[in-house]
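The values are calculated or read from the model by the stated rules, or taken from the named source; none is laboratory data. Owing to the predicted nature of the structure, the values given are computational and were not obtained by experimental measurement. Glycine also receives a Cβ, built like all others from the backbone with ideal geometry; neighbour counts cover every protein chain displayed.
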């Protein structure tokens, strides 16, 4: 199972980060980022399957493909925001981490506005 490989990479990255931090503190963040990117690369197959399921849902329900695209972008922004925020925390920049999270939330809200307006239009259309 891939989860065991991912957990092993995560643990090895943590150990390597601790060791590198003692020798060259500047490179510890780079090691942590490299481990994180490696884990993300291992997830590409799963992401492709998830997108396929979303496309199947869109085809069966005749939803607009732009809604699927928007939902996937929102999910991507959420994950990337959390990933970046955690890197900032690991680097000791909790203030920057908070600002990254705030920015991600605002961008997600902005990106979701077309979906919200579509839902409101549908509700208004149903009401007598």
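Quick notes on this one:
- For the range 12-25, a residue qualifies if it is over 22 Å from residue 45 (Cβ atoms) and either touching a strand residue (DSSP E or B) at 6+ places or on another chain (Cβ under 7 Å) or in a helix (DSSP H, G or I) (or both), and the qualifying residues are 14, 15, 16, 17, 18, 19, 20, 21, 22, 23, 25.
- Among (1) part of a helix (DSSP H, G or I); (2) closer than 26 Å to residue 12 by Cα; (3) free of Cβ contacts under 8 Å to residues at least 40 places away in the same chain, the one test that residue 36 misses: (3)
- Residue 58, sole failed condition from (1) more than 28 Å from residue 1 (Cα to Cα); (2) at pLDDT 95 or above: (2)
- Given (1) over 19 Å from the mean Cα position of the chain (by Cα); (2) more than 30 Å from residue 69 (Cβ to Cβ); (3) modelled with pLDDT under 90, index of the condition residue 31 fails: (3)
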